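The values are calculated or read from the model by the stated rules, or taken from the named source; none is laboratory data. Keep in mind that this is a model prediction, so the values were computed, not measured. Please note: Cβ atoms are built from the backbone with ideal geometry, for glycine as well, and neighbour counts cover all protein chains shown. We work out accessible area using only protein heavy atoms, side chains counted, and drop any ligands, DNA or RNA first. Shrake-Rupley method; radii C 1.70, N 1.55, O 1.52, S 1.80 Å.
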Amino acid sequence: MRKNDFLKGMSHGIPIALGYLSVSFGFGITAVKAGLSVWEASLISLTNLTSAGQAAGVDVIASNGTLFEMILVQLTINIRYALMALSLSQRLHTSFTLPKRLLASYGITDEIFGVCAGQESPLKPLYMYGMIFIATLGWVMGTFLGAYAGELLPASVTSALGIVLYGMFLAIIIPPARKERSILFVVAVSAILSIFCKYIFPSLSGGFTVIICAVISAILAATFFPREDEA
Amino acid sequence: MSIMIYIAVMAGTTYLIRAIPFGFFRKKITSKFLRNFLYYIPYAVLSAMTIPAIFYSTGNMTTAIVGTITAVILAYCNMPLIVVALSATLTAFLTGLFL
């Protein structure tokens with residue numbers, strides 16, 4: 001039964017790993033172009049496990065920025081993880097002790113959060129470990145291959161792979177939006193705000209845009225569609 | 001400055017952002033508003049991340065739209081994540097071949 005949780009996590013993590021493989025391939029290419037070695041690029045992916053934050057971090061390194069700038073950039077782009085971590089902390093199984101929480105927190109990414117949040121039952125440590133393990137494997141391998149092999153894949157393949165993760169996001173949000181009008185509401189409002197930000201305030205960073213849109217639409221949904229607690 | 005120091009600072013910052021709320025927030029949140037807010041956050045985050053970024057994800061709006069439509073239809077039919085994600089990629093790729 002325990003082993004099953006790990007395997008279940010791994011199987012739920014396969015689409016994430018495939019998506020990561022293609023996205024981090026691009027990160028590997030970018031990092032080497034910015035002057036990092038193959039190993040440094042791979043180490044960044046292993047220790048950070050985040051796309052936008054890493055790309056911005058490489059920019060800071062390449063431009064010889066200060067450590068203060070590095071911290072500020074990471075805080076701004078990655079602060080959404082704190083919201084996700086808080087959200088997930090409410091749905092953990094009782095077997096999630098502090099050391100296990102500290103271990104699993106390493107792997108809270110947009111995608112892992114998305115899949116975990118979609119689970120009906122409380123989250124078990126092994127389930128999260130399995131998902132994080134396979135996702136990290138994909139992320140680091142993709143970085144290594146991209147940094148090492150550069151542009152071996154034809155452009156038609158790498159560009160099409162750019163849609164993998166977004167396709168997965170749609171698969172996470174559409175079925176519940178179909179079932180619950182409140183989720184349809186939050187998804188639609190957030191998407192409209194995001195389009196608005198993109199074209200009206202193009203200088204706003206991607207991380208900030210997501211935070212603003214998500215917080216506003218979730219506040220509206222919580223106000224207009226309060227749910228009766230089932231737990 | 002050594003690249004290793006940059007990497008350590010970067011990784012440390014990113015880890016703490018995740019670990020502090022996940023590790024040390026042990027109470028159940030009692031505020032009904034806050035619970036509702038946290039319930040809706042995942043969907044709001046994923047939606048804002050996907051739209052409109054998905055339309056630019058393949059470097060070509062046409063292939064991206066074909067991929068998006070494929071994903072929306074399959075997701076609407078409750079297909080598994082991997083099927084939706086890879087079908088979107090495949091149709092975007094195939095569309096690219098004909099352009």
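Tabulated data
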| quantity | calculated |
| --- | --- |
| Unique match (being open to solvent by less than 30 Å² (accessible area, probe 1.4 Å), polar (S, T, N, Q), farther than 30 Å from residue A:93 by Cβ and assigned by TED's automatic domain parsing to the domain that holds residue A:51) among A:136, A:109, A:143 | A:143 |
| Within the stretch A:155-202, helices (runs of 4 or more DSSP H) holding 3 or more residues that are out of contact with any Phe, Trp or Tyr (no Cβ under 9 Å at 6 or more places or on another chain) and not assigned by TED's automatic domain parsing to the domain that holds residue A:223 | A:164-179 |
| Options B:16, B:86, B:34, B:90; residue that is more than 7 Å from chain A (Cβ to nearest Cβ), at pLDDT below 90, within 30 Å of residue A:38 (Cα to Cα) and in a helix (DSSP H, G or I) | B:86 |
| Selection status of residue A:94, open to solvent by 40 Å² or more (accessible area, probe 1.4 Å), more than 10 Å from chain B (Cβ to nearest Cβ) and β-branched (Val, Ile, Thr) | yes |
| Total residues in the stretch A:202-224, condition modelled with pLDDT of 80 or more and of a type in the set (Phe, Trp, Tyr) | 1 |
| The stretch A:129-154, residues that are outside any helix (DSSP H, G or I) and without any contact (Cβ under 8 Å) to a residue 40 or more places away in the chain | A:152, A:154 |
| Evaluation of residue B:96 against (1) free of Cβ contacts under 8 Å to residues at least 12 places away in the same chain; (2) open to solvent by 30 Å² or more (accessible area, probe 1.4 Å); (3) among the small types (Gly, Ala, Ser); (4) closer than 16 Å to residue A:162 by Cα (one fails), failing number | (1) |
| Residue list for the stretch B:52-78, filter: hydrophobic (A, V, I, L, M, F, W, C), under 30 Å from residue A:8 (Cβ atoms) and either assigned to a helix (DSSP H, G or I) or within 7 Å of chain A (Cβ to nearest Cβ) (or both) | B:53, B:54, B:71, B:72, B:73, B:74, B:75 |
| Failed item, numbered, when residue A:32 is tested on (1) of a type outside the set (Ser, Thr, Tyr); (2) closer than 20 Å to residue B:17 by Cα; (3) open to solvent by 20 Å² or more (accessible area, probe 1.4 Å) | (2) |
| Test for residue B:95: is it more than 7 Å from every other protein chain (Cβ to nearest Cβ), in a helix (DSSP H, G or I) and at pLDDT 95 or above | yes |
| Residue within the stretch A:94-117 that is part of a helix (DSSP H, G or I), over 22 Å from residue A:77 (Cβ atoms) and touching a Ser or Thr at 6+ places or on another chain (Cβ under 6 Å) present | no |
| Failed condition for residue A:160, given (1) crowded, with 19+ Cβ neighbours inside 10 Å; (2) more than 22 Å from residue A:109 (Cα to Cα); (3) modelled with pLDDT of 95 or more | (3) |
| Residue that is most open to solvent (accessible area, probe 1.4 Å) [pool: residues in the stretch A:46-85 that are outside any helix (DSSP H, G or I) and in contact (Cβ under 8 Å) with a residue 24 or more places away in the chain] | A:79 |
